[in-house]
Amino acid sequence: MAVVVVSWEAAALTQACVARLQRQLAPGDELVVVDNGSTDGTAEAIARTAPEARVAVLPTNTGFAGGADAGIDASTAPWVLTLNNDAWLEPGALDRLRAHARTAEDDVAAFQPLVLFDRAGPDVVNSTGITLMRSGGAIDRDVHLARADATGGPDVFGPTAGAALYRRAALDDVRDAGHVFDPAFFLYFEDVDLAWRLRRRGWRTTYVPDAVARHAFQASSRRHGDDFVARQCMRNRLRCLVRNASWWVQLATARRTAGELIQLTRRERSAGLRSWLRTVGQGLAARSRLAARATVSRRDVERRWRGA
């Protein structure tokens, strides 16, 4: 098994994440830490405290999408776990995921652990996987429910890449332009796009609640600022829609899309409009590439999964 952790300007956070991982790694496991052009000594700190890790240093910040993509390419194991540097696995979780991988059916692309918010008080769910919304977006299934109330079944649209175990053969099967995660997403919705590609090639994701991760929500991404996060979510929802959703769904969600375009234009003026047009253009180019390889129709995916 390979584990990929992406970091940007978060040496202490990443060291803590890696230290917890070290206690669960088995002989032969690969640990890859991707440093997204940090200036805080992350790469040196990991090399010093986790000499078994392979540290991939990128010259610039490529976001989670680009960093995770590079980390997957830097590893070779048949199963790869992507893990946010502000998340950690409870003791025994890696062994449980390993056991699920050993007995996985041939069409299982990924396993989704139970992800809980890492905070004081009763356990509250962060995610049991990704589900599609009628509004054209996506949401973490069971988010904000008490742990005991999370009753989502084993079949889920896709995994949230902040803590997900992927089959490498499935990732290789759905690469687009050579990438597992499209680097144009940078941050947010890159895992939704990947889940779409997996579903349209006939792969499925299984939720395994016996493996538990905890996530200090946005402890890593909040340094970008709330405005950046809002803009990324708006752009990337559109990017994901144009790349993957049926025209029927895009028409049904046009009012929301128009509202977000107005917001982007107000925030960024002409730059916002140019960015929106560039996003649409890139999405349309990808749409035809992805359609040529798909074995499951967009409408079949939407009939099964769209509805939250």
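The values are calculated or read from the model by the stated rules, or taken from the named source; none is laboratory data. Everything numeric here is computed off the predicted structure, so don't read it as measured data. Neighbour counts are summed over all protein chains in view; Cβ atoms, including those assigned to glycine, are modelled from backbone coordinates with ideal geometry.
In region 1-114, counting only helices (runs of 4 or more DSSP H) that sit wholly within it, the ones holding 3 or more residues that are touching a residue at least 40 places away in the same chain (Cβ under 8 Å) span 11-22, 63-73, 93-102.
Among the conditions (1) in contact with a helix residue (DSSP H, G or I) (Cβ under 7 Å, 6 or more places away or on another chain); (2) closer than 22 Å to residue 168 by Cα; (3) buried (at least 17 other Cβ atoms within 10 Å of the Cβ); (4) of a type outside the set (Val, Ile, Thr), residue 78 misses just one, which is (3).
The set of residues from region 169-204 being among the basic types (Lys, Arg), outside any helix (DSSP H, G or I) and under 23 Å from residue 232 (Cα atoms) comprises just one member, 175. In the set (1) more than 21 Å from residue 109 (Cα to Cα); (2) not in a helix (DSSP H, G or I), the condition left unmet by residue 296 is number (1).
For region 161-168, state whether one or more residues are within 18 Å of residue 82 (Cβ to Cβ), part of a helix (DSSP H, G or I) and either at pLDDT 95 or above or in the same structural domain as residue 17 (by TED's automatic domain parsing) (or both). Within region 161-168 (the criterion being within 18 Å of residue 82 (Cβ to Cβ), part of a helix (DSSP H, G or I) and either at pLDDT 95 or above or in the same structural domain as residue 17 (by TED's automatic domain parsing) (or both)), the answer is yes, since at least one residue qualifies. Filtering region 240-269 to residues that are assigned to a helix (DSSP H, G or I), over 14 Å from residue 301 (Cα atoms), of a type in the set (S, T, N, Q) and touching a Lys or Arg at 6+ places or on another chain (Cβ under 9 Å) leaves 257, 263.
In the list 171, 198, 145, 187, which residue meets the criterion of being touching a Phe, Trp or Tyr at 6+ places or on another chain (Cβ under 8 Å) and modelled with pLDDT of 95 or more?
Exactly one residue qualifies, and that residue is 187.
So residue 148 ticks every box in (1) part of a strand (DSSP E or B); (2) of a type in the set (A, V, I, L, M, F, W, C); (3) surrounded by fewer than 21 Cβ atoms within 10 Å (Cβ to Cβ) but one. Which box is left unticked? Going through the list (1) part of a strand (DSSP E or B); (2) of a type in the set (A, V, I, L, M, F, W, C); (3) surrounded by fewer than 21 Cβ atoms within 10 Å (Cβ to Cβ), residue 148 breaks only (1). For region 91-117, the candidate set comprises residues that are in contact with a Pro (Cβ under 9 Å, 6 or more places away or on another chain) and more than 15 Å from residue 166 (Cβ to Cβ); within that set, the residue that is surrounded by the fewest Cβ atoms within 10 Å (Cβ to Cβ) is 96.
Look at (1) in contact (Cβ under 8 Å) with a residue 24 or more places away in the chain; (2) surrounded by fewer than 13 Cβ atoms within 10 Å (Cβ to Cβ); (3) among the aliphatic types (A, V, I, L, M) and you find that residue 251 fails only one, number (1).
Name the single residue that is modelled with the highest pLDDT among those in region 262-308 being within 18 Å of residue 250 (Cα to Cα) and of a type in the set (Ser, Thr, Tyr). Ranking the candidates gives 297 first. Considering only region 123-142, I want to know if a residue exists there that is touching a residue at least 12 places away in the same chain (Cβ under 8 Å), farther than 30 Å from residue 259 by Cα and part of a loop (DSSP other than H, G, I, E, B). Checking region 123-142: at least one residue is touching a residue at least 12 places away in the same chain (Cβ under 8 Å), farther than 30 Å from residue 259 by Cα and part of a loop (DSSP other than H, G, I, E, B).
Residues 274, 298, 304, 214: which one is among the charged types (D, E, K, R), over 30 Å from residue 151 (Cα atoms) and either over 19 Å from the mean Cα position of the chain (by Cα) or surrounded by 14 or more Cβ atoms within 10 Å (Cβ to Cβ) (or both)?
Selected residue: 274, the only one of 274, 298, 304, 214 that is among the charged types (D, E, K, R), over 30 Å from residue 151 (Cα atoms) and either over 19 Å from the mean Cα position of the chain (by Cα) or surrounded by 14 or more Cβ atoms within 10 Å (Cβ to Cβ) (or both).
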